[in-house]
Every structure is written in C-alpha cells, then in structure tokens.
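Visitor: Please find one structure pasted underneath; my questions will follow.
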Amino acid sequence: MFDIITFGSATWDISLTLSGKKVKDNADLIIDKGIYFNLGSKISIRDMYFGFGGGGVNTATTFKKQGFKVAYCGSVGDDIPGKEIIEYLKKTGIDSSFVKKASKPTNNSVILHIPGQDRTILVYRGASEMLKRSDIQWGKLKSPWFYLAPLSGKLSILTEDIVDFAKKNDIKVLANLGNSQILTAKAKLRNILNKIDILLLNKEEASLLTGVDYKKEQEIILKTNAMHKGLNVITKGEEGVVVSDGKKVYEAKLKKFNIVDATGAGDSFGSGFVSGLIKSNYDIEYAIRLGLTNSKRCLLERGSTNGLLAAKDNYLVERENIKVIQRPCQTKEGRV
C-alpha cells in the first residue's frame, strides 16, 4: 500500500542560459518578443544544467521528501536518460515498479533561460506518450490518493481510465489537467470532472476550460465551480493562487523574491498543496501555505526537483508568514 501514486511524464531536462542579446521585439509574435539565432551559426551559452523533470517525477519527489510512501506510474525510453531517471527514482526512494520501458526515446526538454526574461522550453514528448492501458498494473495500484500531473498528447487518453478506476476503488484524485485533457470530448471531460476530488489548473487552462476571458477571474471561478463540485485550485504565477470549495474562496500569494528557475513551479505547488491537505486533515489554509512554500523553494534553485521542501523543514511554512484571505463564494445572484 502506498500513500500516494503519481501519474505523468518523466523527462530528462537540459537547461541552458543564454545572453539577453538574443531577445528581440517582434509584433508578429503573441507576446511581441522572441529569441533569435543566425542560421548556420554556433551559439555560445553562459551556463548549462542537466536534471530530472516531468510532472509525474516532480510531484513524486515532493511527496517522498514530505515523508510519504510514493510510487510513480509512467513510461521512459530504453536509453541512457531513461536508465538515469529510474536510477534517480530508486535513489530517492520512489517506487519505480510501475515504470514501463518504451520503444521511443525518453522525453527531453531543452530549457532556454535568458536573465530577466521568461523561460522558453523546447519539448520532445517521446516515451511518456507510449504508456497504454494494458501497461498499467491496475491490481497493484493500492493507495488512498492518485496525483495526475498533466497527461499530454496521446497519454491524455488514459485520464478517464485512471479516474474511473480511482472512483470504483474509493481513491481520492487530484487532476492537474493540461490542454490535451481539457480539449477532449465533452462527454469524457464531464465524466472526469464528476469523479475527481481536486481540480488544479493555471489561469490560462482555467480560461480554456470555462471559455471565459482570461481577464475575468471572478467569472472563471464561478464557471469552474459550476463545472466541478469538488475543490478547485487556480494558480496565477507571481499573483499567487485562488482556491474554492464552492462555499468559500481562499486567496494567497508570496512576497516578491528573485526567481532562479521557474521550471516545475506548478508541480511543486500542487504536490505541496496535497501534502498539506493530507498532513492537516484537509485544512485548506495550511495546504495553500505549504504549497506556496514548496513552490518558492523550487523557484530558488536550478531544476524542478532540487529545492523541494523536506518534511523536517516544514517550519519554513510558518516563517514565510503567508496571509490567506477568505471570502464567501459568489453566484450570479450574489453570495452563497
């Protein structure tokens, strides 16, 4: 029996730091800025870092560091990165018996960092998408909790199967739905939302799910609550997080600090949030504080698994002095 099992990608991350001179304005781009290179040239980099990532691995690492018995279910390639990921899981104490070796290469991400700018990520989704329903050892998935990191591309097909299994076996589920899952057939999406306990989205994903303009936050919260009757969590980057249980809305954010690397910030919040719920018997305020503190520790170090909070350091949650604001939920008619 495990305390929690995570699902999602496992990735070999290559992080490169580039010169700010590579950024140029371009009105044809969505955010009016882009990274530019001369074709055929050699580009010097300032720094580089290799590490492990992917939503399934990132979240499993938090849960292990928080003292839980955790397993990761996913797929890697039969290659050097895949072997390194399995070795990392074993060394960290994360059960890897549910990891399948696929014919495709392991997922890889090349993360381009430019000082003072948002990161850009080149993603190869390989082995993770090869996991099939028949690859999962369903009878051995013994746990009170499942954590579903975003299941991208072909892997998103498994979302409904995992959620259905969890519901039949009285397993609580947090689902961090990505674009592929949100854009699935409406009937499937409705079934997923009806069977999960916690829905975790960033604000862009919440806008996509609800069809409400990104800038209309209160309408997004209202529509999300209507679509999913459990706990709804919407992350907003530097603006913090908003959580609704259908009766109250909880809002909080961290004080400003210098971010070293934003990779894995969403995973570190989500896994910290669930850790806080389990440890506190569903105290939402404490869960938010632990999630934000874990996210900050991640953001202060290079890579998505290095700075994550260990249980022995949970005293830092109180030291952060994060203020959680509560207010009643709103309906179209007014307050609940």
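The values are calculated or read from the model by the stated rules, or taken from the named source; none is laboratory data. Being a predicted model, the structure only gives us computed values, none of them experimental. Using ideal geometry, Cβ is built from the backbone for each residue, glycine included, and neighbour counts are taken over all protein chains shown. Only protein heavy atoms, including side chains, enter the accessible area calculation; ligands, DNA and RNA are left aside. Shrake-Rupley method; radii C 1.70, N 1.55, O 1.52, S 1.80 Å.
Visitor: If the cut-off is a Cα-Cα distance under 18 Å, which lysines reach LYS83, setting aside same-chain residues fewer than 8 apart in sequence?
Guide: Cα-Cα hits under 18 Å: LYS91, LYS100, LYS101, LYS104.
Visitor: Determine the shape class of segment 217-283: with a ≥ b ≥ c the square roots of the Cα gyration tensor eigenvalues, call it rounded for a/c under 1.5, and otherwise prolate if a/b is greater than b/c, oblate otherwise. Don't skip to the answer; put the middle values down first.
Guide: Numbers: a/c = 2.10, a/b = 1.37, b/c = 1.54.
Taking the square roots of the gyration eigenvalues as a ≥ b ≥ c, segment 217-283 is oblate.
Visitor: Using bins 10 angstrom wide from zero, how does P(r) for the chain break down, in % of all Cα pairs?
Guide: In whole percents, the pair-distance histogram is 5, 26, 35, 25, 8, 1, 0.
Visitor: Determine the principal axes of the Cα atoms in segment 165-269, then give the extent along each, sorted from largest to smallest and rounded to whole angstroms.
Guide: Computed over segment 165-269, the largest-to-smallest principal extents equal 44, 28, 28 Å.
Visitor: Calculate how many DSSP beta bridges within segment 59-161 are antiparallel, expressed in % of all such bridges and rounded to the nearest 5.
Guide: Details: 5 of 11 bridges.
Here the antiparallel bridges make up roughly 45 percent for segment 59-161.
Visitor: How much accessible area does ARG302 have with a 1.4 Å probe, in Å² rounded to the nearest 10?
Guide: 50
Visitor: Given a 1.4 angstrom probe, I'd like the percentage of the accessible area of the chain that is carbon and sulfur, rounded to a whole number.
Guide: On the way: 8370 of 16610 Å².
Carbon with sulfur: 50 percent of the solvent-accessible area.
Visitor: Can you grab the distance from the C-alpha centre of segment 247-309 to the C-alpha centre of segment 97-168, Å, no decimals?
Guide: 21
Visitor: Turning to a different aspect of this structure: Could you give the accessible area per residue of segment 1-76, probe 1.4 Å, as a whole number in Å²? Write out the running numbers ahead of the final one.
Guide: Numbers: 3870 Å² over 76 residues.
For segment 1-76, the per-residue accessible area is 51 Å².
Visitor: May I ask you to compute the full-extension gain from SER19 to LYS90, defined as 0.36 nm times their residue separation minus their alpha-carbon distance, rounded to one decimal in nm?
Guide: Values: separation 71, 0.36 × 71 = 25.56 nm, distance 3.66 nm.
Contour length minus the Cα-Cα distance gives 21.9 nm.
Visitor: In addition: In debye, nearest 20, what is the charge dipole magnitude of the chain about its Cα centre with +1 on Lys and Arg Cβ and -1 on Asp and Glu Cβ, if you could check?
Guide: Details: 51 positive and 37 negative charges, 61 e Å.
That gives a dipole near 300 debye.
Visitor: Quick one: if you stick a label point 7 Å off each Cα along the C-beta vector at LEU39 and LYS168, how many nm between them?
Guide: Output for this residue pair reads 5.4 nm.
Visitor: Next up: Taking 0.36 nm per residue of separation and subtracting the Cα-Cα distance, what length does fully extending GLN218 through ASN321 add? Working shown, then result.
Guide: Values: separation 103, 0.36 × 103 = 37.08 nm, distance 2.58 nm.
Gain on stretching GLN218 to ASN321: 34.5 nm.
Visitor: A further question on this structure: Take every DSSP beta bridge with both residues inside the chain and express the antiparallel ones as a percent of the total, to the nearest 5. Working shown, then result.
Guide: Values: 29 of 61 bridges.
Here the share of antiparallel DSSP bridges comes out near 50 percent.
Visitor: Then there is this: At 1.4 Å probe size, with no ligands or nucleic acids counted, give the accessible surface of TYR282 in Å², nearest ten.
Guide: Surface open to solvent at TYR282 totals about 90 Å².
Visitor: Cut-off under 19 Å on the C-alpha distance; same-chain residues fewer than 8 positions from LYS142 excluded. Which aspartates and glutamates are left, in chain and number order?
Guide: ASP3, ASP95, GLU160, ASP161, ASP164, ASP170, ASP197
Visitor: Could you put GLU251, GLU301, GLU205, GLU87 in order of accessible surface area, largest first, with the 1.4 Å probe and the full protein assembly present?
Guide: Numbers: GLU251 50, GLU301 85, GLU205 25, GLU87 105 Å².
Solvent-accessible surface, decreasing: GLU87, GLU301, GLU251, GLU205.
Visitor: Tell me, what ³J(HN,Hα) does each residue in segment 162-170 have, in order and in whole Hz, if you take phi through Karplus 6.51 cos²θ - 1.76 cosθ + 1.60 with θ = phi - 60° and put x for Gly and Pro?
Guide: Those phi angles translate into 5, 5, 4, 4, 4, 4, 5, 10, 6 Hz.
Visitor: Sorted by accessible area (1.4 Å probe), largest first, how do LEU222, LEU231, LEU208 line up? Walk me through the intermediate numbers first.
Guide: Numbers: LEU222 55, LEU231 10, LEU208 75 Å².
Solvent-accessible surface, decreasing: LEU208, LEU222, LEU231.
Visitor: To continue, here is another question. Taking 32 Å as the cut-off for C-alpha to C-alpha distance, list the pairs among LYS22/LYS256; LYS168/LYS216; LYS90/LYS279 that go past it.
Guide: Numbers: LYS22/LYS256 27 Å; LYS168/LYS216 36 Å; LYS90/LYS279 24 Å.
The answer is LYS168/LYS216.
Visitor: How about LYS215: which aspartates and glutamates have a C-alpha closer than 16 Å to its C-alpha, ignoring those fewer than 8 places off in the same chain?
Guide: GLU204, GLU205, GLU238, GLU239
Visitor: Now for a different question. What relative contact order, as a whole-number percentage, does the chain give when Cα pairs under 8 Å and 6 or more residues apart are counted? Provide the component values of the computation, followed by the final result.
Guide: Values: 723 pairs, mean separation 53.4, N = 336.
The normalised contact order for the chain reaches 16 percent.
Visitor: Follow-up. Return the loop-located trypsin sites (Lys or Arg not before Pro) in segment 104-161 (DSSP other than H, G, I, E, B) with at most 11 other Cβ atoms within 10 Å of their own Cβ; answer none if there are none. Provide the component values of the computation, followed by the final result.
Guide: Numbers: sites: ARG119, ARG125, LYS132, ARG133, LYS140, LYS142, LYS154; in loops: ARG119, ARG125, LYS132, LYS142.
Taking segment 104-161 and a limit of 11 other Cβ atoms within 10 Å, the loop trypsin sites (Lys or Arg not before Pro) found are LYS142.
Visitor: With runs of 4+ DSSP H residues as the only contributors, calculate the mean residue ellipticity of the chain at 222 nm using -39,500 (n - 2.57) per run, divided by the residue total and rounded to the nearest 500. Please list the in-between numbers first.
Guide: Numbers: 10 runs with 104 residues, N = 336.
Calculated at 222 nm, the ellipticity per residue is -9000 deg cm²/dmol.
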